[in-house]
Ligand code: PHE
Ligand code: NA
């Protein structure tokens, strides 16, 4: 095994880890998936439950992945083998399958962002929201979508095959600020729209009646979105922490990653809903097309909107690239470490398989939605749940010791963290998973 006889890869610079983790977290989950989940799950009620999941479940669960990775210095399958025995070995497998499913359609959606960047350069954004909706439907599926999916996958494969991820650091340094600046600018524009007031009420004021009526679908959707957006539940954060040789303060790092990720998603919501409400469109209607329809309409309405839009969608495509790289990296590290396959053949073979699995999603939005719901609300939550049980109940001694490296004596906070994982986190994930399965079947 490579980790035994050759020195394992590690981060080149002090900040390499945090940049890669932010690069993984910030992606289509924030810009594409978050607003359409809010729209489908009734607005503020979803936002409230989502934020609770981020803070009360996502934060402790990210620490679990970080300590498991840094302690074992292994890929997710190897890490699980080292931490548990018997059936636990198979949990790493769930991660690998999950990553494979997610990346297949993630790449299709990333293809849409490339298409919309080009659409800006063609001055093709339509200011009329209904026309923009029709345009999205015509662009999102079909041969062109398959070709763009292939193009995106090819770029991901090239980066991972040649191990040139060092470039991520630079990309993230430019990208995250760029997304924030453009999104804040757009949110200010959205604030001036006629429907803004109504949209803010919908988005920011949780309607408790909606919550009471629809909690059975809101809870699993919020849990799935929290895991998806933070790159949790499939071993990405575990793998990235496994390359750490340094005793960083993992609690501070988690807070930084979560802070950036949540801020970006939140700001995108401040753009999407005012645009939809102003046009009188039901926020649930555009579904997976929500940002493409609403942002394209907003860009279509603005002077130089074509240019701002092209830059924005291109930036999102690059953000999607750094997330996709992290997903593929987990699958590749498994094949290299556990199967002894070379990096290039492993990457190319996976890329081919991912391209094929993504084709149905590029042909039918309903299929994309099925893959997405299954991966998110079931597979990611299941992975997070099992890892929490293993680390929280069976390996808590090493977990606290590992977290203390780089922080110092945690005192009661260490126990508070472990007990949070043991009871409330596990209970919340169990409820979400059960509701997710019931909703899916
Ligand atoms: N967190 C990424 C996003 O928000 C998606 C992702 C999920 C990446 C799971 C890695 C693992 O777009
Ligand atoms: Na995210």
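A compact table of results
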quantity	calculated
Hits in the range 221-235 (condition: in a helix (DSSP H, G or I) and within 13 Å of ligand 2 (Cβ to nearest atom))	224, 225, 226, 227, 228, 229
Boolean, residue 388 is surrounded by 19 or more Cβ atoms within 10 Å (Cβ to Cβ), assigned to a helix (DSSP H, G or I) and modelled with pLDDT under 95	no
In the range 115-144, the residues that are crowded, with 22+ Cβ neighbours inside 10 Å and under 30 Å from residue 236 (Cβ atoms)	116, 136, 140
The range 296-328, residues that are out of contact with any helix residue (DSSP H, G or I) (no Cβ under 6 Å at 6 or more places or on another chain) and within 16 Å of ligand 2 (Cβ to nearest atom)	321
Lone unmet requirement of (1) within 26 Å of residue 125 (Cβ to Cβ); (2) at pLDDT 95 or above for residue 281	(2)
Residue within the range 69-77 that is within 15 Å of ligand 2 (Cβ to nearest atom), more than 24 Å from residue 133 (Cα to Cα) and buried (at least 24 other Cβ atoms within 10 Å of the Cβ) present	no
The lone exception for residue 422 - which of (1) in contact with a helix residue (DSSP H, G or I) (Cβ under 6 Å, 6 or more places away or on another chain); (2) more than 25 Å from residue 378 (Cβ to Cβ) it fails	(2)
Residue match in the range 352-367 (condition: surrounded by fewer than 17 Cβ atoms within 10 Å (Cβ to Cβ) and outside any helix (DSSP H, G or I))	yes
Qualifying residue in the range 262-274 (condition: more than 16 Å from ligand 2 (Cβ to nearest atom) and more than 20 Å from the chain's Cα centre (by Cα))	yes
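Quick grid of which residues meet (1) surrounded by fewer than 24 Cβ atoms within 10 Å (Cβ to Cβ); (2) part of a helix (DSSP H, G or I):
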position	(1), (2)
237	no, yes
253	yes, yes
267	yes, yes
270	yes, yes
274	no, yes
285	yes, no
290	no, yes
296	no, yes
303	yes, no
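The values are calculated or read from the model by the stated rules, or taken from the named source; none is laboratory data. As the structure is a prediction and not an experimental result, all values here were calculated from the model. Quick reminder, even Gly has a Cβ in these numbers, built from the backbone with ideal geometry, and neighbours come from all protein chains shown.
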